[in-house]
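Structure first, commentary second.
The values are calculated or read from the model by the stated rules, or taken from the named source; none is laboratory data. Predicted, not measured: the structure shown is a model, and the values here were computed from it. Using ideal geometry, Cβ is built from the backbone for each residue, glycine included, and neighbour counts are taken over all protein chains shown. The area values use the complete protein model at the heavy-atom level, side chains included, leaving out ligands, DNA and RNA. Shrake-Rupley method; radii C 1.70, N 1.55, O 1.52, S 1.80 Å.
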Amino acid sequence: MMPKFTESIKRLIKNPAVSGTLIVTVGALIGSFFNYLLQFFLGRTLSVSDFGAFNALLSFSVILTVLSGSLSTALVKTVAEIKAEGRFDALTKLFKRLTASFIFIGVIIFCLVYVFKGRISAFLQVSETSYLLGFAFYMSLTFLSILAPTFLQGLLRFKSYSFWVVMLSIFRFSIPVVLVLIGMKVGAVYVGMGISLVLSYCLSLFLLKKNFTLFKELPLKGYFKKLLLFAGPVVFVNLGMTILNNIDVILVKHYFDPNTAGLYSGVVTLGKVFLFGAGTVSVVMYPQISSSYAKKEDPFKKLEPFLILQLVILLCGFLLFSLLPELVTKTMFGERYLPSVQYLPKFTIFAGFYVIANFFTLFLLAINKTKIFILHVSAALLQLVLMRAFHGNISQIIDMNIIVSTTLSSCLLGYFSFLLLRKKRTKSHSH
C-alpha cells in the first residue's frame, strides 16, 4: 500500500502542471514576500496619507501599462510558438528589436507623464507634484521590463523565471527602502523601483544567453504581424482585468479622505497577497496550453490538473484570510490599520472570483478565443457605472467589486463549458 502511495506522489510531482506550478509558486512566494515587505515597510514608515498616495499611483500605473501588459500576454504565446518551431535565431533577433523599440517608447512615456503631472496630481489629490517625477521615471521602463518574464515563460524556463522574479523583488525592496531611510519620500520610492527594473533587465541578458544564437538577416514581419493581431483584442481583455483590479483604489483616493484611502490601501495590499499567490497557477498554465495548442494537442485535457490545483489554492487562501483577518492585518501593518479588518473577508471573496476570471481568461486566450474581450470591456464599464453610483462607504465599494467579478467569472465559465461541450459532441460524431 505504502509503495503505491509513494509512487503516486512521485508521479504527481513529475506532472508538468504540478512541478512547474511548484517552482513558480516558490519563486512567487519569495518574490511576494519582498514585494509586500516593501508595502508593509512603507505602511509603517510613511504617513497614512502618503501611503495612500503611493498605492493610488501604483494602481494608476497598472492601468497605464495595459498596453505593455497586453503585449506581454501576446509575447509569451509568440515565444512559446517560436520555441515549438525551434527558431532560436528568430527569438534572438526579436529580443534585440524589441529592446530598441521599448527604450524609444520609454522616452515618450516619460515626456507624457511629465507634461500631464499637474492634472494627474490634482485628480488623485497628491499634493506633492514632485512625486510624479519619480513616477515618470518608473513608468518609462515598464515596456522594457516585460521582456525577461515573457521570454522565460514562453521558453518554459520556470526555474530561471522564478530566480528572476526573486531577484527583481529583492532589488525592488532594497533600493526604495534605502532611499526612504535616508529621508526621501514617495517620489524616491518610484525612482528606486525604476532602478530595480534596469538591474533586472541586465540580469535577464545573462539568463537568456543560453537561448540566444547568431542570426542572419531574417524577416520578422510575419511574427510581428501575428503578435500585433493577437495583442489587439488582448489590450481590451487586459484593460477590463486591470480596471477590475485597480480602479477601486483610484476612486477611493478620489472620493474619500486621505486617511480612509490609506486604510483601504492596506486592505487591498493584504487581499492581493492572496490574489497573486493563487495566480501562480496561471503563470505556468498559460505558456504550456499555448504550446500544446500550437502543436495541435488537446488543451482541455491538459487543463484539468491546473484547474484542480487552482481551486485547492483558492480554498486554502480563502479560509486563512476569512478566519484570521485581525491576526493577518495586525501582523502585517500593526495597530493603525485595525479599523480595516472588517473589510478583509469580503475583499477576499472579490479576489477569489478575480483569480477564477483570470484563470479562464488566460486559458481561452491560449487557445485563440480572443473575442472574450467583449466580456471584459463590458465588465469594466459595469464596474465604473456601479462605483460612480454607489460609493457611500468602503463596504459598498467592495460590494460593487464582488458583483462585477462574479458576473465576469460566471460568463467566462459558461463560455468555457460551451466550448468543452461542443468539443465532446464533435468527438462523439467523429466516432
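Residue ranges 310-318, 257-265 sort as 257-265, 310-318 when ordered by packing (mean number of other C-beta atoms within 10 Å per residue, highest first). Considering the range 51-94, its Cα convex hull presents a mean projected area of 3.9 nm². The chymotrypsin sites (Phe, Trp or Tyr not before Pro) of the range 116-209 meeting both criteria, a DSSP state outside H, G, I, E and B (loop) and at most 16 other C-beta atoms within 10 angstrom of the site's C-beta, are PHE116.
Extending 7 Å from Cα along the Cβ direction at ILE374 and again at ARG119 yields two label points whose distance is 3.2 nm.
The packing ranking of peptides 302-309, 319-326, highest mean first, is 302-309, 319-326, where packing means the average number of other beta carbon atoms within 10 angstrom of each residue. Across the range 29-148, Cα-Cα distances exceeding 17 Å account for 65% of all pairs. The simple Förster model, with R0 at 30 Å and r as the Cβ-Cβ distance, assigns LYS159 and TYR415 a FRET efficiency of 0.35. Annotation: per residue accessible area for the range 33-133 equals 42 Å², rounded to a whole number [probe 1.4 Å, protein chains only].
Modelled label positions at GLN396 and ASN259, each set 7 Å beyond Cα in the direction of Cβ, lie 2.1 nm from each other.
What you get for the range 81-222, charging only the Cβ of Lys and Arg (+1) and of Asp and Glu (-1), is a dipole of about 300 debye around the Cα centre. Peptide packing: for 410-417, 182-189, the average count of neighbouring Cβ atoms within 10 Å per residue gives the ranking 182-189, 410-417, highest mean first. Between the alpha-carbon centers of the range 170-209 and the range 81-137, tell me the distance in whole angstrom. Using only Cα atoms, the two centres lie 16 Å from each other.
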